[in-house]
Amino acid sequence: MTSIPLKKNPIKRTRLYEEVVERIQQLIHSGEIRPGDSLPSERELMEIYGVGRPAIREALLTLQKAGFVSVSGGGRTRVIEPTAEHIVESLSTAARHWLAYPDGVKNFQAARKFFECGLVRYAAKYATEDDLQVLMRALEINKNAMNNSKMFAQTDVDFHYVLAVIPKNTIFRGIHAAISKWLIDQRHIALSSPGGNKIAYRAHEEIAEAIISRNADLAENLMERHLDQVAEVYWEITNRRESF
């Protein structure tokens, strides 16, 4: 009788709270527990799963961080609708660690360019008249904030956010919010250069004009040039600071 050779494949040990997380997730995915429903109390969960309070609390915290539940002070833990923001937020710790390294920043800059160039192409092709009015209003607010660096930085974010809203895809809004948050230092450093606000506003104005004229190729090229310029200024200032 011939034995079948098997590759080494050790069974991974899971901690108690991870097992609790998996079982509650299964209940949510199966529809047995729906958004808006309350989970049993900590004591009831301890009895249901036969584990101690630390495992239950760690499981609930993990589910909360992952966007499955919300925990209100003194109230029951409730199941909530999943959102793109929660998904992206769960990556924030790793992202901040990655951004501590030059290659990490460069990769995020490249990801932002890929993402936003796609957004402007979509806007140029499919933006409604209402979308265009919102975009032009964001551009006007950006212009009016040109002499206030802190306010300009926020209106800069808001202008780009409008582009993420136009496709009406919540994941795009979540990605935009995350990228803006993760690259906030880059934005402030780039805008701190002489004439930085004026240069950024002019780029926004040209991009908006290309979108309104329904020229997707031009809009994409202008966005690419804008983000390349932002990245170039960022690295010039950063490298100069590090040389001192």
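The values are calculated or read from the model by the stated rules, or taken from the named source; none is laboratory data. These numbers come from a predicted model, not from an experiment. All Cβ positions, glycine included, derive from the backbone under ideal geometry; neighbour counts span all protein chains shown.
The rows are residues; the columns are (1) more than 23 Å from Tyr126 (Cβ to Cβ); (2) in a helix (DSSP H, G or I); (3) in contact with a strand residue (DSSP E or B) (Cβ under 7 Å, 6 or more places away or on another chain).
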site	(1), (2), (3)
Val157	no, yes, no
Gln186	yes, yes, no
Ile199	yes, yes, no
Arg214	no, no, no
Val230	yes, yes, no
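For region 113-131, the set of residues classified as free of Cβ contacts under 8 Å to residues at least 40 places away in the same chain and over 17 Å from His176 (Cβ atoms) consists of Thr128, Glu129, Asp130, listed by residue number. Pairing each residue of region 167-185 that is within 16 Å of Asp156 (Cβ to Cβ) and basic (Lys, Arg) with any residue that is surrounded by fewer than 19 Cβ atoms within 10 Å (Cβ to Cβ) and at pLDDT 75 or above, provided the two are 6+ apart or on different chains, yields no C-beta distance under 9 Å. Look at region 95-112: where a residue is farther than 16 Å from Ile175 by Cα and assigned by TED's automatic domain parsing to the domain that holds Ile175 and a partner is surrounded by fewer than 16 Cβ atoms within 10 Å (Cβ to Cβ) and modelled with pLDDT of 85 or more, sitting 6+ places away or on another chain with Cβ atoms under 8 Å, you get Trp98/Asn107. Flag: Ala200 does not match the condition of being surrounded by 15 or more Cβ atoms within 10 Å (Cβ to Cβ), touching a residue at least 60 places away in the same chain (Cβ under 8 Å) and in the same structural domain as Val157 (by TED's automatic domain parsing).
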